[in-house]
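Written below as structure tokens is the structure these notes are about.
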Amino acid sequence: MSYSDETDAMSGTRKRTHQLLVTTALGLFEQGMLPTVSELAAHAGVSRATAYRYFPTQSDLISATVDASLAPIIAWSPTPEDNTQQRITELLNLAYPQMFKHEGALRGALQVSLQQWAKERQSSEYAEKRFIRGHRKEILLKVIEPLKAHYPEEMWDKVIKSFSLIYGSEVFLVMKDIWKMDDQQVIDMTQWMAKAILNQAKSDYPADND
């Protein structure tokens, strides 16, 4: 169930409370905080019991805020007649401005994911629910769909895996934190890399244009 479907299924009061919690969490993330569920309750002005009813763990809270941040991207549907180059261009132009808008939440999600990985490495008894990062595969499968009719699986499998390295929050961390790029430079660079990936793939596997 998507984030929008899940919230639509809630009653009016529950939906408003859920939205309050998610909006508050997004605001805290943008301030550089990584709130626990208890801290979120305090900032949102609701009881801890209420907050935990919606988000039993911090992983649940992170998942909800990330899904809210990425909702327009998750709901994206390409035009059927578009080819892969058009689809990846459209996706990157849509996705990165949305990611930049909620950069704090996405950085927080990465931080939580790394912390949980470290705790699991330190103790075999670590049992906290893991924050599961998803959506990337499903979104990129939409992008490379036109390739499947004209190229072998080996080719489009390489393309989708390569695209996964130019689409996502880890990418703008490298571009911004290491190379000090601004938002538009990040988008321009990922667009350039997408073209390079497709050109190389089509050079390696000559076939009809997708």
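Within the stretch 84-107, does at least one residue satisfy the condition of being of a type in the set (D, E, K, R), over 16 Å from the mean Cα position of the chain (by Cα), open to solvent by 80 Å² or more (accessible area, probe 1.4 Å) and under 24 Å from residue 33 (Cα atoms)?
no
So, in the stretch 136-190, how many residues would count as being in a loop (DSSP other than H, G, I, E, B), closer than 19 Å to residue 206 by Cα and free of Cβ contacts under 8 Å to residues at least 60 places away in the same chain?
The number of residues fulfilling the criteria is 2.
Mind checking which residues of the stretch 51-82 are surrounded by fewer than 16 Cβ atoms within 10 Å (Cβ to Cβ) and not aliphatic (A, V, I, L, M)?
Selection gives 53, 56, 57, 60, 72, 77, 79, 80, 81.
Is it the case that the stretch 151-158 has a residue that's within 22 Å of the chain's Cα centre (by Cα), at pLDDT 95 or above, under 28 Å from residue 107 (Cβ atoms) and of a type outside the set (Asp, Glu)?
Within the stretch 151-158 (the criterion being within 22 Å of the chain's Cα centre (by Cα), at pLDDT 95 or above, under 28 Å from residue 107 (Cβ atoms) and of a type outside the set (Asp, Glu)), the answer is no, since none of the residues qualifies.
For the condition at pLDDT 95 or above and not charged (D, E, K, R), what is the one hit in 109, 44?
44
Determine which single condition residue 86 fails, assuming it passes every other condition in (1) among the polar types (S, T, N, Q); (2) modelled with pLDDT of 95 or more; (3) in contact with a Ser or Thr (Cβ under 7 Å, 6 or more places away or on another chain).
(3)
Is it true that residue 63 is hydroxyl-bearing (Ser, Thr, Tyr), part of a helix (DSSP H, G or I) and in contact (Cβ under 8 Å) with a residue 60 or more places away in the chain?
Working: hydroxyl-bearing (Ser, Thr, Tyr): yes; part of a helix (DSSP H, G or I): yes; in contact (Cβ under 8 Å) with a residue 60 or more places away in the chain: yes.
For residue 63, the condition - hydroxyl-bearing (Ser, Thr, Tyr), part of a helix (DSSP H, G or I) and in contact (Cβ under 8 Å) with a residue 60 or more places away in the chain - is met.
Against the conditions (1) closer than 16 Å to residue 94 by Cα; (2) loosely packed, with under 13 Cβ neighbours inside 10 Å, where does residue 206 fall short? Just the number, please.
Exception for residue 206: condition (1).
Only residues that are among the polar types (S, T, N, Q) and open to solvent by less than 40 Å² (accessible area, probe 1.4 Å): list them for the stretch 173-201, please.
Those that are among the polar types (S, T, N, Q) and open to solvent by less than 40 Å² (accessible area, probe 1.4 Å): 190, 191.
The values are calculated or read from the model by the stated rules, or taken from the named source; none is laboratory data. All values derive from a computational prediction rather than experimental measurement. Glycine also receives a Cβ, built like all others from the backbone with ideal geometry; neighbour counts cover every protein chain displayed. What goes into the accessible areas is simple: the full protein's heavy atoms, side chains included, and nothing from ligands, DNA or RNA. Shrake-Rupley method; radii C 1.70, N 1.55, O 1.52, S 1.80 Å.
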